[in-house]
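Written out below as structure tokens is the structure these notes cover.
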């Protein structure tokens with residue numbers, strides 16, 4: 001599984017209220033929520049993001065409340081992956097649960113810039129910055145988590161298992 005796209009870059013400590021402001025959480029529709037993804041930090045994000053694009057951030061991405069809405073809106077916008085120096089623990093787990101690929105790689109997060117073109121191989125953890133030709137090695141998820149992400153999330157993965165039994 002892979003993604004390739006343009007980079008949107010964010011700083012340390014981007015919290016879930018910045019990813020999806022709480023004022024919009026009165027709708028259960030993920031597509032409506034996604035229209036407001038990152039608007040308090042990057043008003044142009046939802047206008048510019050294309051399927052496969054990549055978010056790159058600093059330390060503690062997704063800190064704050066434990067709502068699953070944050071990784072859900074990132075995924076629903078078409079973002080192919082989030083690369084950060086580190087993720088808040090609950091965001092990390094929520095991302096896996098909804099099938100949003102995430103990778104921790106400090107060097108990539110430091111060196112990749114907004115607007116760069118990158119590709120990510122989730123099976124190997126290799127990140128390639130096509131703008132400057134550099135490659136980075138992130139720790140790939142173990143096969144059982146890769147299976148959850150490839151299925152589109154934990155529930156989809158469990159449904160797949162039920163079909164195969």
**Item:** Förster-model FRET efficiency, 30 Å R0, residue 65 and residue 111, C-beta, rounded to 0.05
**Value:** 0.50
**Fill in**
Listing 6, 75, 47 by rising number of other beta-carbon atoms within 10 angstrom, fewest first, gives 47, 6, 75
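On alpha-carbon atoms, Rg over Rh for the chain using Kirkwood Rh?
Numbers: Rg = 15.0 Å, Rh = 15.7 Å.
Result for the chain is an Rg/Rh of 0.95.
Rank these for me by crowding, 46, 54, going from fewest to most other beta carbons within 10 Å. Display every interim value, and only then the final one.
Values: 46 16, 54 27.
The most exposed by this proxy come first: 46, 54.
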**Request:** For region 93-141, evaluate the Debye formula with one uniform point scatterer on each Cα (no solvent term) and list log10 I(q)/I(0) at q = 0.17, 0.24 Å⁻¹, rounded to two decimals.
**Result:** -0.51, -0.90
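Values in this text are rule-based calculations from the coordinates and carry no lab data. None of these values were measured; they are calculated from a predicted model. Every residue, glycine among them, receives a Cβ derived from its backbone with ideal geometry; neighbour counts consider all protein chains shown.
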